[in-house]
Amino acid sequence: MMKEQTAFWKKVAVLLVSLLLAAATLVAVSALGEFRVRCEDISQKVLRLHVLANSNSETDQQLKLKVRDAILKESGQLFGTSKEKADTMQIVEQHYAELEQVARRTLLENGCDLPVTVSLEKTYFNTRTYGEITMPSGYYDALQVKIGAASGKNWWCVLFPAICVPSATNVQMEDVLTPEELDVVEQQGYDVRFKVVEWYEAVAGWFR
């Protein structure tokens, strides 16, 4: 009888702890709901550049950086006067061949004949920091430059607004994002809310 009572109260304790954890989780998600929505809105307003190396070998990583520099130089000429994200994406689509040619030429000049593909993709990114800007996790439109197998460490920046390329229009983050969204990307140091948003995205991804 004593064993049965002990087992019963253990089950009750487990149930109560589970309910408390569930309630705490709901409160946390509710409190962070507005922050998560801001992160999603940011991902819709930004165009990223994503250069993926063939592998993690030192040679392939160096080639990635050389391709990056060439693409950034070309991007400044192509997108420097763009005032809207949609305009930048349209320019990208119109100059796929030109951008691929720049990347291939850079590789050949450095003794590499790996294939390169350039495309616009909807891509998931974890929370990343570029200079003083922190981009929250989420699905972003990105100009992807894939070198060879594209299985090595990647490099990224923001094409629109033109954070990593010269811009004749001087379109800045504050011209694209709301003050509340700027508060998100200008966060300094570690912020647990970014990790919670990543967890949310991971769970949501299972149901997509």
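Some points to look at:
- Elements of type strands (runs of 3 or more DSSP E) in region 89-166, at least 2 residues being over 28 Å from VAL192 (Cα atoms) and over 14 Å from the mean Cα position of the chain (by Cα): 116-125, 138-147
- Residue in region 71-84 that is modelled with pLDDT of 95 or more, of a type in the set (A, V, I, L, M) and on the phi < 0 side of the Ramachandran plot present: no
- Between GLU174, GLU181, the distinction of being surrounded by fewer than 18 Cβ atoms within 10 Å (Cβ to Cβ) and of a type outside the set (Gly, Ala, Ser) belongs to GLU174 only.
- Residue in region 28-37 that is farther than 30 Å from TRP199 by Cα and surrounded by 15 or more Cβ atoms within 10 Å (Cβ to Cβ) present: no
- Within region 38-53, restricting attention to residues that are part of a strand (DSSP E or B) and of a type in the set (A, V, I, L, M), the residue that is farthest from GLN144 (Cα to Cα) is LEU47.
- Looking only at region 54-88, residues that are closer than 20 Å to ASP175 by Cβ and assigned to a helix (DSSP H, G or I) come to 8 in all.
- Filter pass, TYR140 being within 25 Å of ILE91 (Cβ to Cβ), touching a helix residue (DSSP H, G or I) at 6+ places or on another chain (Cβ under 8 Å), of a type outside the set (A, V, I, L, M, F, W, C) and open to solvent by 70 Å² or more (accessible area, probe 1.4 Å): no
- Test: residue in region 92-109 that is among the charged types (D, E, K, R), in contact with a Lys or Arg (Cβ under 9 Å, 6 or more places away or on another chain), within 20 Å of LYS66 (Cα to Cα) and at pLDDT 95 or above: yes
- Residue satisfying condition, being within 17 Å of ALA149 (Cα to Cα) and either in contact with a strand residue (DSSP E or B) (Cβ under 8 Å, 6 or more places away or on another chain) or open to solvent by 80 Å² or more (accessible area, probe 1.4 Å) (or both), within set GLU109, GLU84, GLU121: GLU121
The values are calculated or read from the model by the stated rules, or taken from the named source; none is laboratory data. This is a predicted model, so every value here is computed, not measured. Ideal geometry is used to build each Cβ from the backbone, glycine not excepted, and the neighbour counts take in all protein chains shown. Heavy atoms of the whole protein, side chains included, go into the accessibility calculation; ligands, DNA and RNA do not. Shrake-Rupley method; radii C 1.70, N 1.55, O 1.52, S 1.80 Å.
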